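Below is one structure, written out as structure tokens; comments come after it.
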Amino acid sequence: MAISLSTDIMYLAGVGPKRAELLKAELSIHTFGDLLYYFPFRYVDRSRFYKISEISEDLPYIQVVGKIVRFQEVGVGRKKRLTAIFTDGTGTLELVWFKGLKWVVKSIKPNVTYVVFGKPNLFGGKFNIAHPEVEDYKSDQENLGSALQPVYNTTEKLKSSFVTSKTILKLQQVLNGAISDIVQETLPPYLIERVKLMTLREALCNIHFPSSVSLLKKAEARLKFEELFYVQLNLLYQKNTRYLKVQGNVFSQVGEAFNRFYAEKLPFALTDAQKRVIKEIRRDMGSGKQMNRLLQGDVGSGKTLVALMSMLIAVDNGYQACIMAPTEILATQHYETISGMLHGLGINVGLLTGSTKRSERAPLHAQLEGGSMHLLIGTHALIEDVVQFHNLGLVVIDEQQRFGVAQRAKLWQKNDKPPHVLVMTATPIPRTLAMTIYGDLEVSVIDQMPPGRKPIKTIHYTDAKRNLVFGLMREQIKQGRQVYVVYPLINESEKMDYKDLMDGYESIARAFPPPQYVTVVVHGKMKPQEKDESMQLFASGKAHIMVATTVIEVGVNVPNATVMVIESAERFGLSQLHQLRGRVGRGADESYCVLMSGVKLTNESRKRMQTMVATNDGFEIAEVDMQIRGPGDIEGTQQSGLPFDFKIASLSKDGQILQFARQVASDIIDEDKALTNPKNQILFRQIEQMTQERISFGQIS
Ligand code: ADP
Ligand code: MG
């Protein structure tokens with residue numbers, strides 16, 4: 001049988017059908033290639049031996065040399081375990097097995113010198129190692145090709161079937177022998193030379209069997225570069241292809257709608273950042289190419305206005321525009337702000353959400369199709385097939401991280417000619433992530449706040465300080481300000497959360513009794529009308545306190561609110577906390593954000609609280625968030641999913657390699673846009689393959 005990287009893993013010596021099933025199910029290793037690219041997650045220095053007397057709890061994996069003094073079976077039934085007292089003369093250590101006891105008794109003997117390897121735990125004042133690796137002292141020395149021993153991730157199930165990290169290493173050795181000469185280089189030689197990289201073959205060999213730290217580093221560098229490079233090359237290639245292929249509506253002029261709005265309606269001067277971004281958008285929309293632009297700007301930086309003015313340019317050129325928001329509250333608020341600001345300019349603005357009445361829909365649809373409605377504001381309801389435009393020229397997506405890719409794509413398809421697209425996000429994301437997720441978009445950043453904003457004071461209190469919080473609320477309300485109190489609602493259907501919310505509401509109503517104080521509630525389970533009533537009471541200043549769930553997290557704008565109290569703040573993620581905090585500090589007054597939490601916090605939640613107290617900068621917070629949670633989990637990627645699954649590169653740690661890889665990719669595309677130059681043939685083939693893989697993924701979902 002001819003062997004290739006796509007050969008079924010079952011055929012590797014030492015695997016067989018049963019292990020193959022396990023490897024497939026547990027580690028997604030289906031083929032020789034999958035195993036080859038199953039990299040160690042760390043390496044241990046096996047040249048270092050510890051004395052038992054040196055062991056401390058914070059040590060990671062260690063190895064000690066010594067003998068087992070005696071075995072002992074403890075417990076019965078499912079709780080049965082086997083322990084062994086192990087000594088090296090400097091102290092004793094307990095080895096513990098919960099599974100495979102028979103095998104241990106058969107193969108491991110007292111009074112033989114062994115090398116024992118594992119992670120020490122402190123239990124009942126004594127150190128133990130659970131399920132250690134135990135090897136003959138001599139054979140271990142012989143087997144050791146290198147001092148750096150790779151450690152592979154395995155699962156409980158694999159371990160109980162005796163597929164340990166060590167087993168995987170053995171399989172890697174077999175594989176290496178079998179395929180070393182069929183590994184094809186995946187980067188062109190000129191690039192390998194220019195960037196001074198290891199060849200793929202060398203890199204794959206050194207990643208599994210490093211003979212020195214410096215060779216390991218070089219192998220890692222090559223593999224990380226390659227991964228990040230191809231993602232960037234692919235993004236830039238696709239962007240360029242689209243750019244060449246797709247015609248855009250040409251918005252050649254700025255006319256009455258824009259100019260009259262600017263002269264008569266604009267309530268304040270634009271910030272320089274807003275001006276710059278509007279210029280960028282105008283240039284794109286007039287270029288004849290289709291605009292695909294991401295607008296990043298921190299909470300409160302004034303993105304709505306930029307969106308509105310961009311939409312007015314569409315109107316001035318005879319096109320319709322729409323803005324899609326993730327929640328009904330936000331859509332309604334946009335509608336009110338925008339139709340208010342456009343009053344008297346003869347621009348027809350509509351609102352379409354899930355709760356728009358049937359009877360109102362028909363005329364709305366008719367006006368859209370006929371072209372007499374210029375701007376449409378709404379929620380997901382916009383992407384329904386029945387909603388047809390006369391000539392949709394610009395689509396704005398607010399808080400785009402809340403929409404899936406498919407939902408966004410649907411809006412694109414409403415016209416023969418694709419509309420210009422402006423996606424906005426108020427959850428700043430780290431640069432490396434932006435480059436990877438949105439690498440095929442143009443990016444504008446509003447990096448300046450409207451003048452007169454004071455930074456929000458953030459305080460972290462434990463529940464015992466509730467009186468201080470109530471004091472602050474009273475004082476602010478006395479000065480005519482308003483207060484939000486937010487409860488976590490992880491899962492809309494969780495009864496507990498509602499109980500917390502309603503208990504909280506009652507305790508606040510007791511401390512702030514009517515009629516002197518008016519408190520309203522907003523949560524996701526309320527009928528739209530009730531929600532609306534509460535929102536109105538608060539927005540108009542008639543209610544002093546709003547008790548709410550995170551439905552208010554996104555975009556709600558009541559400038560007179562100056563206090564944001566976040567209950568059980570430890571249950572929120574960083575970007576959510578930052579979003580919530582952004583609901584205050586919207587006027588000229590000093591504002592406060594109070595994070596209430598229990599006393600006991602995990603390290604992660606403590607770090608989140610500290611970060612919130614330390615900075616108001618959304619980009620800084622995004623970086624910390626990515627360091628804590630990893631790029632796959634941070635807001636902005638959860639919904640749409642990280643489009644690439646990195647085997648070795650990390651967006652939080654390899655920022656520099658990423659920057660460099662992007663630059664290299666961009667130079668190549670500049671020089672050879674369609675990658676037709678023979679020297680770039682490998683690049684073209686790799687990209688074709690990546691695209692195919694992604695298409696098949698799209699078809700599945
Ligand atoms: P976000 O970027 O979070 O969507 P908004 O667009 O809701 O922010 O703007 C926040 C607030 O700032 C609004 O009340 C808006 O009217 C106000 N604002 C926007 N631009 C300016 C400006 N140039 N000067 C003063 N206030 C502004
Ligand atoms: Mg907004």
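Counting the residues of the stretch 533-570 that are among the acidic types (Asp, Glu) and part of a helix (DSSP H, G or I) gives 2.
Before we move on, is ALA614 out of contact with any strand residue (DSSP E or B) (no Cβ under 7 Å at 6 or more places or on another chain) and modelled with pLDDT of 90 or more?
Numbers: out of contact with any strand residue (DSSP E or B) (no Cβ under 7 Å at 6 or more places or on another chain): yes; modelled with pLDDT of 90 or more: yes.
Here the answer is yes, as ALA614 does meet what is asked.
Residues that are surrounded by fewer than 21 Cβ atoms within 10 Å (Cβ to Cβ) and in a loop (DSSP other than H, G, I, E, B) within the stretch 571-603 comprise GLY573, ARG586, GLY587, ALA588, ASP589, GLU590, GLY598, VAL599, LYS600, LEU601, THR602, listed in sequence order.
Got a number for residues in the stretch 524-541 being more than 27 Å from LYS478 (Cβ to Cβ) and within 33 Å of the chain's Cα centre (by Cα)? Number of matching residues: 7. In the stretch 360-376 there is no residue that is without any contact (Cβ under 8 Å) to a residue 40 or more places away in the chain, of a type in the set (Lys, Arg) and out of contact with any strand residue (DSSP E or B) (no Cβ under 8 Å at 6 or more places or on another chain).
Annotation: LEU422 fulfils all but one of (1) away from ligand 1 (no atom under 16 Å from the Cβ); (2) at pLDDT 90 or above; (3) under 28 Å from the mean Cα position of the chain (by Cα); the unmet one is (1). Condition check for SER355 on (1) under 22 Å from VAL522 (Cβ atoms); (2) more than 16 Å from ligand 1 (Cβ to nearest atom); (3) without any contact (Cβ under 8 Å) to a residue 40 or more places away in the chain: one failure, at (3). Taking the criterion of being more than 27 Å from GLU220 (Cα to Cα) and among the aliphatic types (A, V, I, L, M), the only residue of the stretch 26-53 that qualifies is ILE52. When GLU530 is tested against the conditions (1) among the charged types (D, E, K, R); (2) at pLDDT 85 or above; (3) in a loop (DSSP other than H, G, I, E, B), the lone failure is (3). Please enumerate the residues belonging to the stretch 302-329 that are touching a Ser or Thr at 6+ places or on another chain (Cβ under 8 Å), near ligand 2 (Cβ under 10 Å from one of its atoms) and either charged (D, E, K, R) or within 17 Å of VAL558 (Cα to Cα) (or both). Correct list: GLY302, THR304.
In the stretch 557-570, the residue that is modelled with the highest pLDDT out of those that are within 16 Å of ligand 1 (Cβ to nearest atom) and surrounded by fewer than 23 Cβ atoms within 10 Å (Cβ to Cβ) is ASN560. Of everything in the stretch 168-211 that is in contact (Cβ under 8 Å) with a residue 60 or more places away in the chain and of a type in the set (S, T, N, Q), the residue that is surrounded by the fewest Cβ atoms within 10 Å (Cβ to Cβ) is SER211. For the residues TYR230, TYR262, the requirement of being in a helix (DSSP H, G or I) and away from ligand 1 (no atom under 16 Å from the Cβ) singles out TYR230. Number of residues in the stretch 278-322 that are farther than 28 Å from LEU368 by Cβ, touching a residue at least 12 places away in the same chain (Cβ under 8 Å), of a type outside the set (Asp, Glu) and away from ligand 1 (no atom under 11 Å from the Cβ): the value is 0. Could you go through the stretch 173-180 and let me know if any residue there is among the hydroxyl-bearing types (Ser, Thr, Tyr) and modelled with pLDDT under 90. Yes, the stretch 173-180 contains a residue that is among the hydroxyl-bearing types (Ser, Thr, Tyr) and modelled with pLDDT under 90. Filter the stretch 149-167 for residues that are in a helix (DSSP H, G or I) and of a type in the set (Ser, Thr, Tyr); which is surrounded by the fewest Cβ atoms within 10 Å (Cβ to Cβ)? Looking at residues that are in a helix (DSSP H, G or I) and of a type in the set (Ser, Thr, Tyr), I get SER160.
The values are calculated or read from the model by the stated rules, or taken from the named source; none is laboratory data. Keep in mind that this is a model prediction, so the values were computed, not measured. Cβ atoms come from the backbone with ideal geometry, glycine included; neighbour counts cover every protein chain shown.
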